[in-house]
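> I have a structure I would like to understand better, so I am pasting it below and will then ask my questions one at a time.
No lab work stands behind these numbers, since they all come straight from the coordinates. Note that the structure is a prediction, hence the values are computed from the model and not measured. With ideal geometry, Cβ positions are generated from the backbone for all residues, glycine too; neighbour counts draw on all protein chains shown.
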Amino acid sequence: VQLRRFLAAVGMTYDRHLGMAAEGQRILRLAPELLAQHVSSTIRIIGSGGKGIATLTPWVGFFDLDSGSTPEQGLYVVYLFAEDLKTVTLSLNQGVTTPSRALGPSAGRDKLRANAAAVRDELGNTALFGLRSSQSLRSHGQRQLAYEAGTIAALEYVLERLPSEPTLVRDLARFLDLCKISVNSRQNAPRGADHGPGRSFERAPDTNRAFPQTLGRLLQVAVVEISADRWEVLEERLSGATLAQIALARGVTRERIRQVEAHATRQFSTILAGAKTLTTAWDDLAARCAVSEATLLDPHLDSTLAPEDQMHFGQLLLSMRGFSRLRGFSRTDVPGWWTSDQSRFRARAATAADYAPMEVSDFSQWAETAGLPANLPWKQIFPGHAGPIVWDSTVEAWVHVRGSLRDAAYIALTRRGSPMDGREIAGAVGAKSTRNFEEQLRRDIRYSQMRPSGFWKLADWNLNESKYTSTLEAAVAVLRDEGPQTAAQWARAVAARYPVSYAAVNQCLAHEEIGRWPDGRIDLVERGAVHADDTEPDRPPEIVTAPDLRVILIYRDVDDELLRGSGLGVSRYLTWVLGLRRAPRSRVFEVPGYGEIEIRRLIHGSTISSLRRFASELGAQMGCRLAIRLDLEEHVAAVGLACENHGHSGRTVLGDIDAPPPNPDQETD
Ligand SMILES: [Zn+2]
């Protein structure tokens with residue numbers, strides 16, 4: 001049955017003058033069955049109108065089987081009817097028998113009062129909010145005085161005006177909860193301390209031990225204390241509704257709504273004032289510009305209660321405490337985040353944004369430097385084009401809203417770490433027109449274009465002091481740094497580091513350190529790529545080889561270049577046929593009595609060492625022709641005149657001429 005009907009029925013039908021036969025006695029004895037629906041199965045219900053003789057004050061008690069409490073000892077919840085049966089008081093009470101017997105009525109009551117005070121200390125003001133610490137049974141009976149003394153917390157109801165059933169149910173649940181908390185805290189508390197007389201019946205009160213001020217507990221208090229109507233008005237106000245809007249919807253005056261709100265605010269403030277753990281934690285966090293709900297609310301959730309209601313309640317309390325929902329630059333809320341100072345947050349976020357363009361990881365650092373949590377949902381804070389910066393999903397970095405493409409180019413160049421072709425940057429940042437984009441870069445002092453390659457670099461890159469001294473060095477470095485590449489990638493990357501033509505880069509393929517993978521990509525031989533031998537080049541007419549390849553004859557006209565005395569370029573056929581298939585390689589041929597001739601296979605081509613002194617020795621002049629004869633078996637060479645109709649006198653051959661020179665017109669294949 002309803003609590004309300006039960007209590008009313010006992011109040012109306014109990015009559016101690018009728019002794020144990022009164023209807024009220026019967027109803028009390030049925031309490032375990034009639035009220036079972038209101039409590040859990042671990043609670044034992046006892047209704048009593050006295051044992052053998054009708055009591056002055058009938059009662060219905062609730063005893064937690066887990067704690068082993070009984071009417072004689074321990075803590076329990078009880079409805080006690082006053083002797084005049086005008087009121088019934090719900091209370092958290094204690095077994096009164098033991099102290100009374102041990103100490104006598106008066107000292108026993110002192111002991112009970114001390115015990116009750118100790119329990120109240122433990123529970124704390126918040127848990128006891130709105131409850132009385134005493135009750136009056138309007139009776140002179142010793143037992144009744146002991147009940148009064150043992151009262152820890154109480155709520156008195158006038159039987160003629162009992163509150164609604166939901167209120168009674170809620171109140172009973174609250175008291176059972178208080179009882180459970182108190183019993184648990186006693187069971188978990190350290191035992192064995194030597195308690196002085198007259199203090200606590202189980203242990204000394206620990207004033208430092210705060211009642212668990214979880215959001216769940218506060219919510220339970222608030223639900224009891226604050227009417228649904230006030231609660232609703234407050235929530236509507238906090239979510240932005242005006243007094244007029246709320247008043248209109250309810251058909252009352254604005255002034256009335258203002259009063260309701262003021263009253264509700266006072267009540268919430270009182271609840272918050274009792275929750276020092278919570279408010280201290282929040283006040284400490286208020287200095288931060290942005291705080292997550294996980295930080296603000298999660299530590300204060302009561303694990304035994306549903307989190308949703310507690311979170312919602314916590315959000316309400318945060319609003320009361322001066323926090324507001326964090327707003328991004330588009331003025332929309334950032335879910336899950338709060339601030340106590342919206343404008344300070346914006347200022348700090350703008351400070352961090354100043355460092356754009358930047359990578360995600362850099363932004364986190366700048367945010368922390370600016371005093372903001374790194375894990376804020378930045379894309380919600382800087383959405384679209386509402387703030388100073390925007391997330392560029394093409395380069396995946398933060399860029400300024402103005403000049404976003406140029407900022408993106410900065411990211412692209414920084415990541416590459418070396419100059420880039422204009423078309424490549426335009427592609428990387430998603431620019432539609434390479435020409436227009438390069439025009440923008442040209443006007444931005446952060447960038448400069450290199451000549452003659454036309455590659456773009458960051459202005460502060462000091463590429464004049466290139467660390468490379470040759471194309472090959474840059475070519476090897478690119479492969480070492482960036483791994484296997486296609487010929488085109490490789491040529492671009494090398495040219496970006498060391499501005500030379502793509503053809504010059506391709507010549508590096510001749511170097512023995514550089515090879516190819518089976519898929520054609522170029523890589524370092526030391527990593528397993530295979531160096532490709534030269535393919536046989538076409539034989540130029542000025543080089544003649546004997547069929548057995550023992551002798552090679554090279555014809556060379558005497559010209560300015562030869563007479564200047566530097567090394568001379570020769571056909572790659574010569575080095576190929578000499579077996580110089582990789583660069584760098586060389587072979588030396590002695591011209592007995594006159595010196596040496598060196599044939600070299602270099603990265604950039606094949607050369608023969610200076611022929612000037614031989615020309616001079618032979619008296620050759622501009623327009624004459626030299627023949628150089630190489631003996632591949634003996635490693636010796638001879639140099640002779642091969643002019644026709646010049647009528648040279650004197651020596652016409654230097655060196656070994658044992659073998660006859662082959663005919664220059666012969667075909668060797
Ligand atoms: Zn000549």
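> Trypsin sites (Lys or Arg not before Pro) within region 74-151: which are DSSP loop residues with at most 16 other Cβ atoms inside 10 Å?
LYS86, ARG138
> What 222 nm value per residue comes from the helices of the chain, counting each DSSP H run with n ≥ 4 as -39,500 (n - 2.57) and dividing by all residues, nearest 500 deg cm²/dmol?
Roughly -12000 deg cm²/dmol at 222 nm, from the helical runs in the chain.
> Taking the Cα centre of region 327-434 as the origin, how large is its charge dipole in debye, to the nearest 20, when only Lys and Arg (+1) and Asp and Glu (-1) carry charge on their Cβ atoms?
Its charge dipole is roughly 300 debye.
> On to the next question. Using only the Cα atoms of region 101-190, build the gyration tensor, take square roots of its eigenvalues as a ≥ b ≥ c, and label the shape rounded, prolate or oblate: rounded if a/c is under 1.5, else prolate if a/b is larger than b/c, else oblate.
Verdict is oblate for region 101-190.
> Using only the alpha carbons of region 341-492, determine the length spanned along each of the three principal axes and report them from longest to shortest in whole angstroms.
Per principal axis, max minus min of the Cα coordinates gives 59, 32, 27 Å.
> If you don't mind, there's one more thing I want to ask. Which entries of LYS86/LYS111; LYS180/LYS276; LYS379/LYS457; LYS86/LYS180 have Cα-Cα distances beyond 24 Å here?
LYS86/LYS111; LYS379/LYS457; LYS86/LYS180
> Taking the Cβ of each residue in ILE522, ILE608 as the centre, tally the other Cβ atoms inside 10 Å and list the residues starting with the fewest.
ILE608, ILE522
> Okay, moving on. In which sequence would VAL233, VAL544, VAL183 go, from the one with the fewest C-beta neighbours within 10 Å to the one with the most?
VAL183, VAL544, VAL233
> Set Lys and Arg Cβ to +1 and Asp and Glu Cβ to -1, take the dipole of the chain about its Cα centre, and tell me which of LEU172, THR545, ALA290 lies farthest positive.
LEU172
> Determine Rg/Rh for region 348-389; Rg is computed over alpha-carbon atoms and Rh is the Kirkwood hydrodynamic estimate from the same atoms.
Rg/Rh: 0.91.
> Would you please calculate the Kirkwood hydrodynamic radius of region 59-126 over all C-alpha pairs and express it in Å, rounded to one decimal?
13.0
> Within 10 Å of each candidate Cβ there may be at most 14 other Cβ atoms; applying that plus a DSSP loop requirement, which trypsin sites (Lys or Arg not before Pro) in region 24-78 survive?
Qualifying residues, ordered by number: LYS51.
> Also: In what sequence do THR469, THR87, THR486 fall when counting other Cβ within 10 Å, fewest first?
THR469, THR486, THR87
> May I pose another question? Return one quarter of the surface area of the convex hull spanned by the alpha-carbon atoms of the chain, equal to its mean projected area, in nm².
Over all viewing directions, the chain projects a mean Cα-hull area of 53.3 nm².
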